[in-house]
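Okay, so here's the structure we're looking at.
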Amino acid sequence: MLSYLSKVSDQLMNLEKSTSTHLTSVSRMITEQLNKDGIIHLFGCGHSSLLAQEPYYRAGGLVPIRPMIIEPLTLSQGAVQSSEYEKTPNFAEGYLAAEDVRAEDVVIVISTSGRNPAPIDVANYSRGKGAYVIGLMSMEYSFTQPSRHPSGKRLEEVVDIVIDTQVPIGDAALEVEGIAQAFAPVSSVIGAALIQDLLAKTIVSLQESGEEPPIFLSGNLDGVEEHNRKLIEKYQDRIKF
């Protein structure tokens, strides 16, 4: 049996070959937005909400990162509830008016299937504000799983650009004779790696544009407090640290 680590490693290598140029292009668009004093919002439901939080306030990571948290859509109030609300038309709309999304911002909407109403509503809202909206999703679902949104549209139809995770339909990556179901989900590992690769490319792009990239230093190192404090102060009007 191919091990989980080998499976993920193979998929990451395939993504490196197939998406590196695309991610570099997307990173340049993000750089343009950040150079207008924009920030990067990330949104997801359920386990995708964990990916939205993953690059926030990270040592070695970009500072202007803000997870867009709608608590009933996260795992913290129950996974079954989160799943039901994600599929409920118009559920997210009541929360979006409180979201400070601006035309100079970037919004990364994470949804493996791309079919549920909540991520689509967030993408529609963000594009309505003029933001640059990225869908992080698996395009394998596109032709087999119809939209649950009242408009009939899927996530890839309402964003500015898609980053394809190439996660298999159903997410589970391993199959073994005698076990009825495929198992071992990969969307979290793949999604986190793609997000960090995109942000790393954005850091390089910012430097190439003549800007000093705002990067947090680890709070576990001595003497970094002043560096991090200045960066927090710069963005604290937009991001709650």
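So if I take the centroid of the Cα atoms in region 1-46 and the same for region 195-241, what is the distance between those two points in Å?
So the separation of the two Cα centres works out to 18 Å.
Place the peptides 209-216, 122-129 in order of packing, highest mean first, counting for every residue the other Cβ atoms within 10 Å and averaging per peptide. Don't skip to the end; give the middle numbers.
Details: 209-216: 13.5, 122-129: 21.1.
Top to bottom by mean Cβ count within 10 Å: 122-129, 209-216.
Run the reach check for Lys7 against lysines, Cα to Cα strictly under 18 Å, same-chain hits fewer than 8 apart removed. What comes back?
Cross-link targets: Lys17.
Taking the DSSP beta bridges in region 4-235 as the whole, what percent of them are antiparallel, to the nearest 5?
On the way: 3 of 20 bridges.
Roughly 15 percent of the DSSP beta bridges within region 4-235 come out antiparallel.
Give me the dipole magnitude in Debye, nearest 20, for the chain about the Cα centre, with unit charges on the beta carbon: positive for Lys and Arg, negative for Asp and Glu.
On the way: 20 positive and 31 negative charges, 61 e Å.
Charge dipole, the chain, about its Cα centre: 300 debye, nearest 20.
Testing the spin-label approximation: label points 7 Å from Cα along Cα→Cβ at Gln196 and Thr24. State their distance in nm.
2.2 nm
Which of the peptides 130-139, 195-204, 112-121 is most tightly packed, and how do the rest follow, judged by the mean count of other Cβ atoms within 10 Å per residue?
On the way: 130-139: 23.1, 195-204: 18.8, 112-121: 26.9.
Packing proxy ranking, top to bottom: 112-121, 130-139, 195-204.
On a full-extension model of 0.36 nm per residue, what is the gain between Ala172 and Leu50, subtracting their alpha-carbon distance, rounded to one decimal in nm?
Details: separation 122, 0.36 × 122 = 43.92 nm, distance 1.80 nm.
Full extension from Ala172 to Leu50 adds 42.1 nm.
Placing unit charges on C-beta atoms (Lys and Arg positive, Asp and Glu negative, everything else neutral), compute the dipole magnitude of region 51-147 about its Cα centre in debye, rounded to 20.
Values: 7 positive and 11 negative charges, 32 e Å.
The dipole magnitude comes to about 160 debye.
So for region 4-235, taking the charge dipole from beta-carbon charges (+1 Lys/Arg, -1 Asp/Glu), which of Ile195, Gly61, Asn90 sits furthest toward the positive end?
Asn90
Classify region 1-132: rounded, prolate or oblate, from the alpha-carbon gyration tensor (a ≥ b ≥ c, eigenvalue square roots; a/c under 1.5 rounded; otherwise prolate if a/b is larger than b/c)? Walk me through the intermediate numbers first.
Numbers: a/c = 1.81, a/b = 1.10, b/c = 1.65.
Oblate shape, in that a/c is at least 1.5 and b/c is the bigger or equal ratio.
Identify, among Asn124, Ile30, Phe216, the residue whose Cα sits farthest towards the positive end of the charge dipole of the chain, taking +1 on the Cβ of Lys and Arg and -1 on the Cβ of Asp and Glu, with the dipole about the Cα centre.
Asn124
Computed from the coordinates I sent, log10 I(q)/I(0) by the Debye sum over Cα atoms at q = 0.08, 0.12, 0.13 Å⁻¹ equals one of [x] -0.55, -0.81, -0.88; [y] -0.48, -0.75, -0.83; [z] -0.31, -0.69, -0.81. Tell me the label.
[z]
Roughly what would the spin-label model give for Glu212 and Asp100, points 7 Å off Cα along C-beta, in nm?
Roughly 2.4 nm, to one decimal.
The numbers here are math on the coordinates, done by the rules we state, and not lab data. Quick caveat, the model's predicted, so the values are computed rather than measured. Using ideal geometry, Cβ is built from the backbone for each residue, glycine included, and neighbour counts are taken over all protein chains shown.
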